[in-house]
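Working notes for the structure below.
None of the figures in this text is laboratory data; all of them are computed from the coordinates on show. A quick note: this is a predicted structure, and the numbers were derived from the prediction, not measured. Cβ sites come from the backbone with ideal geometry, for glycine too, and all protein chains shown count toward neighbours.
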Ligand code: PGA
């Protein structure tokens, strides 16, 4: 059976109190299933509290960052290094289009971030925007997120997303896991995940509300 990844990307949202409320609501309702990989990517300011709440509740919920530094720990003011994050997170989103657009991230910088993540046993989740986005070496989990679909309510078609996933698997190996992101909700998630080459979803807006996020998980059970 293939893995199903359901990853919440909170972006720059939620106070610590709101984050803990979400964990209290979502954590106890996640079904225990070896192939179901549910994760949440909070802001840096919420990470340690979210991690603590998940550990105390013993919830089957992975924790991720939304970015990390391309450098080692040290004299890099403002940066969050993989070395310092490693006890807190299992994975990190890297190369999200919002970072490429707003923070001038290049493929070269993203490759450096991937190296930092891998050196510190953090799984990189690389966002690819088109068939031409390169996947750095040793990345085994990517999210296809076409820019037109992000936050617009206009998701790509599951069939097209599957075509892109197929191309990436042909290029980088059949063990590359490809998930889809861009206006995923409880009504369309099943159609994406049932595609043969898509193994999950990265969810922005619809992950912010605990109930809406749980209904995405529930939609896959039915
Ligand atoms: P969206 O965002 O679900 O709000 O479209 C997805 C993402 O940017 O990862």
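Miscellaneous remarks
- Zero-based 10 Å bins, Cα pair distances in the range 1-130, whole percents: 12, 43, 34, 10, 0
- Euclidean distance between Cα centres, the range 147-222 to the range 1-52, Å: 17
- MRE, 222 nm, helices only [DSSP H, n ≥ 4, -39500 (n - 2.57), over the chain, to nearest 500]: -11000 deg cm²/dmol
- Normalised convex hull volume, the range 44-87, alpha-carbon set, Å³ per residue: 72
- With both residues required to sit in the chain, DSSP beta bridges show an antiparallel share near 0%.
- Square roots of 5 times each gyration tensor eigenvalue, C-alpha, the range 150-222, largest first, Å: 22, 13, 10
- Ranked by the mean number of other Cβ atoms within 10 Å per residue, highest first, peptides 36-42, 71-77, 84-90 order as 36-42, 84-90, 71-77.
- Taking every C-alpha pair closer than 8 Å and separated by at least 6 residues, the mean separation divided by the residue count of the chain gives a relative contact order of 20 percent.
- Rule-of-thumb Rg ratio for the range 61-148 [Cα; 2.2 N^0.38 Å; N residues]: 1.02
- The relative contact order of the range 161-222 comes to 34 percent, based on Cα pairs under 8 Å that sit 6 or more residues apart.
- Hydrodynamic analysis of the chain uses the Kirkwood radius over alpha carbon pairs. Inserted into Stokes-Einstein at 20 °C and 1.002 mPa s, it gives a translational diffusion coefficient of 124 µm²/s.
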